[in-house]
Each structure stands twice: as C-alpha cells, then as structure tokens.
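Asks: Okay, here's the structure, questions in a sec.
The values are calculated or read from the model by the stated rules, or taken from the named source; none is laboratory data. Predicted, not measured: the structure shown is a model, and the values here were computed from it. Here the Cβ positions follow ideal geometry from the backbone for every residue, glycine too, while neighbour counts run over all protein chains shown.
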C-alpha cells in the first residue's frame, strides 16, 4: 500500500471528474483501480500479473458511474473499487453458472477460447450472498471482508485504509471469517 | 446456508460479541465451549451458531490472517477475474442490423461472433463483428475487402456468407458479416463420435481438401485451419468456418502480445512453421496445405502434429519451427509408409518440400485410397539442388542476371534491357529481403535466448548480428541482454577466496576438493586450471595456496604456494614457468599490471616478479620507505604497507611518494581496493571507509548496512563504487557525491556472517565488467550478473517522495549529458546521467506562487505534461495540463516566465522564446515578453488530450479527429498515440511532413502512453501501459519488436541527442537509461562519413582533373587550404579510389 499522503487529491480529482461528466479517463484514478485489480490478480509466488485491461476498464466505468455516491475519503474510495470489483466478478460467476446449467453452450466457431475450468476453489455467488447477509448485520465486518477479498488487501493494509488499529481489524476479520465459514456450504 | 436459521440483529450482535471475546481472550477448546455455553444458555440458536463458528475458526490450518479459506476465496476471485477479463468486453448488443442477437458465441483475435436470428427467411445465423477496440480505417477496409471476397465463395464445404452490413455503435459504424450458422461438432470429435475407420477419415479429409482447393482457386487463403474450424453437421457434411478474415497478427512480431491474448497457443499446434516464425514471408497456399495436413494428422493419429501443451511459448514456437512432426508410421504401426509419407510431405517444415497445392495432396490421398503408389517420397537429389539454390539465392540470382545482361549486350534490345533492369532490381530486392529475414531470424534467436535466461548466448548472438543490423531493435535487445540479471548456482564453488580478472569477465577460485577453477561469468561450467604442482588440470592445491589472474596478459594466472610461484596459461592449461622462492611466498598480484610482489628476506624487502618475463625486479630504494612496516599488497602500481599500530602507508612506485593513513582497521587493510587513478582507497570489512588519498578525506560507506563489506570495485571511470556485503547485498555508491545510489539484493545469497579475522581469506568478490558495465559477484555459492540498469542506470525521481511517483516527461539537454524529468511530485529534476546524480530541482509550486494572482489558473492542480530544454540548453520550460507554464534560466536558476501559454508548448528557442501550437494546428513563435503581456486565458483542463498535433512548423497536416497523446517528431516524421481509453487503445498515427497525404494509422497491442521517433524517423518507439516498448518501422509500416522492459507503465521516452541512450520514465517513479551504443554509433559514423565524402568529392575531383599525375594531385591536395587537416586522410583515400 502506498501511504495515504494524497488521498484528498485523489478524491478531488474523482469528484471533479464526475462533476465534469468527463468521458475521458483520469489516469490517476484509473491507475488506482488498475493497481488494485493487479494486486488482486497477482499470484503469491510468481510475480506474474494478468493485464486484466478489460476488467480494469469495467471497474473504472462502474466507479465513475455518476449514479454512484462520491467517495468521502480514501477508505471509501477503495471500498467503492472493491465493491465494483465484487459486483463484476459475482455477476460474471453468476452468468457463467447459469450458462453451465442451461447447457445451451453449443460448440460453434472459434472453438479455442482459453480453457476456463469452471470449478472454483470457492463459490463466489454463495460468498456474495453470505457477505450480503453479513453486511445487513454489520457493515464494518462486511467491508473488511470485501477489502480483503476483492481488493486483495492484508489485515495491515485494511487497518491503514480504515484508519483503525490492526488488532481491531484482525479481531473483526476473525469474527467475520468464522461467520462466513459457518454460513458457506463445505 | 440454511435460510431458516437466520438470526435477528440482536442475536447477531450477541454472537459477534461473544465470539469477539473468544478471540480477544484467546480461549481454546473446552474453555471456549464453556464460554459459549455461559453466553448462550438462553438461546440454542446462538449456541449452535457460535459452536459452528468456533469449529470453523479453529480449523486444521490454525489461526492466521491468511488461512485456507482466505486463500480459497482469493483463488476464486482471481480465477473469476481472469475469466471475466476474457469475456467482460463482450457487451452483447440486442441486435445487429436487422438481426436479433441470441447470445455471444466467441471472441477471436480480431472479431467477435454472435449467434443471431434472422426474420426473413427465418433462420439462425452467425454474425461476425470487428472488435470495437480494434476499429481503424485500415481494419475496416481489410474486414470488408475480405468479406466481399468471401461472399463470392459458394461451396458446400464452406460456411456461406449471407450478407454484409454496417451497424451503428457508440464507436461509429462497424462492419459485420452474416454467416451461415453451422450446428455441428469439430471434425476430430465427429470422427471419434462416429468411430470412423481410417478410410472413412481420409474420405472426410478429401472433402475438406476440395473445399480448401475451391477457395484457393478463388484466391482466398484460410491460414488458420484446425479441427475447431472444421465442423461436421448432423448429415456428415464438413463445413469450414472462419475463412480468410484478416488475421490480426499477420504482420507483427510480438509473441508477448499473442500469448497475452491466449489465442495464439490454441492455434500454434496447427500452424505452419513459416507463420509461427513470423519472418514476414507472405503466406501462400502451402500454409493451407500444412493446415489440412495437420488436421488430417490429428484425424489419423489422434493428436496434433506438435504437442505443445504446457510448453512456454518460445519453446512451443521453436518446436513447430525446427522439429518435423514424428511420422504417422512412428505413431501407429498400422499406417503404411505411403500414408505416412503423404503427411510427412504435407507437414514438411520447409514449405518448398510440401505439396505445392491442396489438390496435389488430395490426389495423393485418392491414390492411397485406390492403392496406387503415392507421389510423396523422401527428398530427391533434385530437392537437394533446389535447397542449395535457395540457400544461395542471391548468388544464383546474380548468375542469372549476368546471363541476361550478356544477351542484352549482344542484341541491344530495349525490351531485354528492361528485363535486365527488372532482374537486377529483383535480385537486389531478393538480397535485401534475404538479409532482412536473416537479421529477423537472428534477432529472434537472441530474443528467445534472453527469454530463456541464456544471457551470454544472447549477447554473443547480438554481437554477431550487430555486423549488419543497425536498427534500434538490436540496440534495445542488447541493452536488455546486458541488463538482465542472471543468478547461477556454482555447486559449492565461490566459498573459498575469489579473484576476478582485470576485465571482470571471469574469476578464479578453489573448489571443495582444492582444485583451482576458472569461472566465466554469464555461462559455462567452471573449468579446472593447471595446478601449482604442475600436475595438469584438476590436480588439487593445498589450502594455503593463493591464486589470481595476471592483469594484462589474458588467461595468465598465478598460483603461489609457500615455496614456489607458478605461472600458468589458463587458456591452454599449461605451466608457463615456476619461480622458486628463497623465502616463504605470501604476496599479491597487482590488479593493474603483470607484477607479483612478495616480501622477501629478513627485512621483508618487497620483491617484484614480472609474471610474463619471469624476471625478478628488485628496487633497493623501496626498502628505505618500508622499514618497520609489513608489506600488505600491491595495487595499481602502489604498495600498501601496514604495521601493528593501525597505520598503513601507500607507496607510489613511480615516484616513491608515501601517503600515510592512521587508525585503520587492520582487517580491512588485508584486502584494500583502489580505483585505477589511485585517488580513492576502500578499506572494507566491518567499518568500511573510503579514503581520498590526496585530501585525506574519509567517508563511511557502511553506515546504513547491517553487514560486513567483503569486497568492493570501482568503475572504470572511478565514479561508482560497488560493494559486496556479506548478506549478499550489492550497494552502489556514487563516488563524487559520496551517496548511496542503489541497493540490489537477492534473497538466496548469504556469503558469510563474519569474516575470519586477519587471515587473508575473502570468500566473495565483486567486479565491474569492462565490456558491458554490468556488475558481477561471486560468493556464497552463487555467481550473479547484476543487471546494468538496475545497478547503474536507474534514477529514482520519486526518491522519498511517494506515493504516486509517475514520471510524466523527460527531455535530454542538447549536449546529451543532462536529463530533465518532471513527475507527479511537481518537481523538475535535472540529472547527470554519467554519474546518476541529481544536480538540482525546480519546484513547480514555487514557480506558480511567483505568478501574479491574476495569472494563476483557477484550477491549481499541477499536472505537468511536458518538460523541455531550449535549443541552447540554457532554459528549461514546463507546461501543465491547465496551460500554466514556467520557463527558467537554468544556470542562474532565475524564473524567466510564469503564467499561461495559449497553445501546446512545441519548442523552446535559444533565449527562452517559445513556439506554441494553436488550436488551429498552426505553430506560432512567441517571445517571453509577449507572453508576459498577453491576455491569455487558461486552457481547458483536458487540454492535453484535445490538442492538435504539433505540425511541422511551416505546414499544417490537418487535425487528427480524435484525441492524441505523446507527440514526437524526427526527420520528416511526426507521430502520436491516441488517448488510451477514450481514443482507441493502441492506435497511433504517423505523419510524413514531406508527403502530407501519406498518413499511417497504426495499431499496437495495448495502450500507448508515449511515443518517440528514432533513427531519423525510421523507427517509432511506443511506451506502453503494459511496461513494454514496441518498435515499429515507419517505412515498412510494421512492428519490428516488443521489448519487455518492466512491469510498470512507460509514460515517457526520450532518446539522447547522440542516439546512444534511451531514457524511459515509468509509473514506479524510476527513470531507466537503456544504453544503446554500437548500432547507433555505427549509423552515426556512416552518416558522418557520407557527409564528409560528399563535401570532399568535388575538391578531390578538381585536383585529379587539373593534375598530370597522381603524385602531383596528391601533393596539391595536401597543400589545399580548403581541406581541413582532419579531412586530409579521407581526401587522400577518395583520390586514390577515384584514380584506380
């Protein structure tokens, strides 16, 4: 995490950007989104990062969507990015599952899309539902989980972003995690 | 999840609080369960939930932040993200033209396919649309041209084109093709599903042949035949899809881009070698012969010709290009030699050996089915001759040309003369193409060597290729070859004393068995040297023996045991001579000379041995200077002596002057390091210090390090000092400024925690490579080539100034040594690129504050777009997105101007006047005085992306209709990229000021962030968001190369005025310098020589005409004042050549 030396600048930019209704991309905001997405997609052991250009564009577009509330601080901004990412990925997973169930996937042209195994280590749609339920009870806990999972942050990062103690975040995280684990089918 | 056990908010709060306590008090097992019982006695729902949570929390993987659940979630997110990234841009339109879209089917490299429904006649169709992000005039033209061609194809074996059209999208009009929708399975799946026999499979393949041949007869190539593109419908009729639509990667050279798209690998297994190799040879029908052969091969053998699954891309390409598929007979004994021969011929790596048409392949298949002998046979003698001709095409072409010229000379027929001219042009073209192909192949080989970490192979290949290649691709690859870090494990070596040779390219050490070995950096296994006993390579030497390379004579090494000095020729493995000693030999080799020194006799008088001649040099004067001190070592012609009182003395052997240093660490005095000029002395170890001998100044070079310094090395110029620490770190100091400039480290290397006292043992060594400037280290069992730019050519603009240290722009001082950078931190920093030092900085905020309030922009954001030196290098200007600009007089540091400039800053003239590009595209020159008085308004903040391109100053090239980004101009070319998101990703445009209507709309694979023209406009370098530098040839209009620079995006590129260094500024705040020397130097030299010849030719010609003899002409020439002394030898050569 870069330290939050210039959050206000970032937020001001974003506000101005949305106010202007500027369709042009703001490189700073874009980069922040891109950085988050890439941090998310980096494998632990290798430094390999997917470029994920389309995903980043999509997340950016959702973030800049003027219907959306403007971020008040950096934490809020990051939460919005994580939220956008969560929406995209869960929507995608949902679509994928629907397609699989529908079985309507005939073999036609250009049959060499990269292999997408389909099976995930964890069902994102179920996770999303459990997370929605948790958010209904306790938004902070849900936010921490969201930042952990959909923005790829460590407990320490989350503490920095939310501006609270690491111990607090860790405890909240453990509670939220145990809760989610107990709510998800094995 | 059971919806019935939903908790109320109150219940949830109790659960959360109780569980929080469990965590805070770290309650375990029974304790925790007791607590749960206590807390939830009244509510079994809460109790059961808490117990579930407890079980989940104390699962088998313990309590950590990142447990398996977390890992699983991250993995799922990551996988979904990867999958989503593939599909997400498929925003499915509800309809395309009159067709109702049913679903998205697939996305290829160039286009997207939807399944749709047509109303009249009611049928299912497939609709193919260009991917929006690849939309250019050129791609539309190609798509539509091919569509027209395809629409003409009417064959039962080819999916039909029903219609073509254009549809309105936010990106403009997009062409589409309406195709027959084929409902079926791939040809291989069909054959398996129906369990077809061999003859039925061949019959099926023949129908494919017929369809492909039909297309060929109509002038259409498929170029991408594979089972997935040949579907068989329910009635058993094969249908070929995806015919001939422009392939996106036909003319490019980037494997990186193709592998990133993921499309290439799926296709590679069926791709002809000439396509896989991407030599630029235009594909012909033999590409499809290969394709049909590959499909047939899989039909019969059950697997594709090349199994490349799991191979890295470059390996896979190599497999396809260099290896013939194993024969069918080898795969299955049932296939006879004939059938096997047919497919070997269809799949020949060399296309000359393939069937020259699909019809011929089809004929041979027919012959096989009808039991006739097939045509395919092993290579014939004729083939061998053809290959010979092909390999020597140029020679044969010239031979032919000679014949034609003779005939022309005899008949003097104009027509034939024209033939000769044509033939000559053709021969020249062929020769040029052959050279280019060879260069491309060699560069490709070097590139793949780099990819596989064979750095030395790559640099050797490049050095070899360099004889002809002059492009910047070569320079960049070479920069990378010398820039890639390579860590090699030495299998137990490098734990004993290590000595580098003077050029830093190899080192000498002793292995575990006591054998003295030579380690060549970069590659190769360590080789044993001859031993001290003269017992031949591989003999062991005792532990007390010391060894080193001679400095001047390459390959000579010295081994010294207590009673003998052995000089060996390490190249030949022979003993050159031995010198018996009268006293125990403990000494050292001068790192700068072929001299060995040891203290001899009771007075320990230093004796010098000339290693090459074997003479002992003894200078009695030295003794007087060394009384009471013990000789420690010899360094660059200087003795270093030490006594027990922590004093050392440095005696210069040329004038016997003595410099004394007090209070030193004697351990350090055992292995001192000196720069070549003898100005600086490094005393390493625990308290590493550099002593400047002339001034007596001392500075500590270990203050921030936690580890001993084992060895150090000064760069050739003495401006950089590299230190090897015992923890494996390499630290680079800038000597003149006494600053630490870089720390490089690799976690694997630890050399030794503590050095062993005063013993003369040093188990790690460091050296600068005289050839490449890279740094080599050996120690702890590893040999490392530290990357050049990592250790010496990275400048950190963002030094201590986080968090967004984007380097926005760079500009070289006209003299080529200083570089100005402007970055997010709102400073301009001026760098000395020779030393890597920051000379000074200009603060943009301070300059803004000096502007009168009415001349300050309302929007006070400073997003600096451009930094620019004046033509005379005296002034420096910056312009921000708002239009606010500042100009400084660099040497007085005075602000010459602060305020708005209306127009994009194009050029800064000597004296500080500015040239601005106005909104109309015309350039205007404005003096600073005018600018100060002008009533200018501020530009819109989005100025940068909407500004017109900087036209050549005297002519407008017409505005570019879309957003532009990163202008560059060189020679007659002007280029710019388009805005990465709002413009089309990856698009760029090149204008030619000599031919305004020759505009090239190019497309790169990725987002262009900056552009730089090089080689007088012949090459365009693009800095990409992905951290690559793409190189395009603006004349041939194709991409030459993609250099993977690093992972951060490249936001600025600047080529130094002498063309020797490319500076790149990136999103991580670093400025990297890419040393590009030889090719640039060569072309520069060639240009200068050509200019000189042009200048001298008329003078030389005059003397030749007016003189009677050559001697007279020569004399006149040398007396001619019009010819400058430095031009005389060139003039002489010209004269001699002209007279011959």
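Asks: Go through segment B:121-143 and give me each residue that's surrounded by fewer than 18 Cβ atoms within 10 Å (Cβ to Cβ) and modelled with pLDDT of 80 or more.
Replies: B:121, B:122, B:123, B:124
Asks: Which of the residues belonging to segment B:192-220 are modelled with pLDDT of 85 or more and outside any helix (DSSP H, G or I)?
Replies: B:194, B:195, B:196, B:197 - these are the residues of segment B:192-220 that are modelled with pLDDT of 85 or more and outside any helix (DSSP H, G or I).
Asks: Which of the residues belonging to segment A:134-147 are in contact with a helix residue (DSSP H, G or I) (Cβ under 7 Å, 6 or more places away or on another chain) and more than 7 Å from chain B (Cβ to nearest Cβ)?
Replies: Once the filter is applied, which keeps residues that are in contact with a helix residue (DSSP H, G or I) (Cβ under 7 Å, 6 or more places away or on another chain) and more than 7 Å from chain B (Cβ to nearest Cβ), segment A:134-147 yields A:134, A:135, A:140, A:141, A:142, A:143, A:144, A:145, A:146, A:147.
Asks: Then there's this: Could you please let me know if residue B:106 is at the interface with chain A (Cβ under 8 Å from one of its Cβ atoms), touching a strand residue (DSSP E or B) at 6+ places or on another chain (Cβ under 8 Å) and modelled with pLDDT of 85 or more?
Replies: The answer is no for residue B:106.
Asks: Here is a further query. Please note which strands (runs of 3 or more DSSP E) are completely contained in segment B:692-803 and include at least 1 residues that are touching a helix residue (DSSP H, G or I) at 6+ places or on another chain (Cβ under 6 Å), within 30 Å of residue B:826 (Cβ to Cβ) and modelled with pLDDT of 75 or more. Before the answer, list the steps.
Replies: Values: elements: B:697-700, B:709-714, B:720-725, B:730-734, B:739-744, B:764-768, B:775-779, B:782-786, B:794-796.
Strands (runs of 3 or more DSSP E) meeting the threshold: B:730-734.
Asks: Looking only at segment B:849-878, how many residues end up being within 21 Å of residue B:934 (Cβ to Cβ), in a loop (DSSP other than H, G, I, E, B) and away from chain A (no Cβ under 14 Å)?
Replies: Residues meeting the conditions: 4.
Asks: Which residues, counting only those in segment B:657-677, are surrounded by fewer than 18 Cβ atoms within 10 Å (Cβ to Cβ) and modelled with pLDDT of 75 or more?
Replies: Of the residues in segment B:657-677, the ones surrounded by fewer than 18 Cβ atoms within 10 Å (Cβ to Cβ) are B:657-660, B:662-663, B:665, B:676-677.
If the condition is that a residue be surrounded by fewer than 18 Cβ atoms within 10 Å (Cβ to Cβ) and modelled with pLDDT of 75 or more, then B:657, B:658, B:659, B:660, B:662, B:676, B:677 are the ones that fit.
Asks: Taking the residues in segment B:1077-1111 that are within 39 Å of the chain's Cα centre (by Cα) and at pLDDT 70 or above as candidates, determine which candidate is nearest to residue B:1015 (Cα to Cα).
Replies: B:1087
Asks: I'd like to check something: does segment B:71-94 contain any residue that is under 21 Å from residue B:163 (Cβ atoms) and modelled with pLDDT of 70 or more?
Replies: No; the residues of segment B:71-94 include none that is under 21 Å from residue B:163 (Cβ atoms) and modelled with pLDDT of 70 or more.
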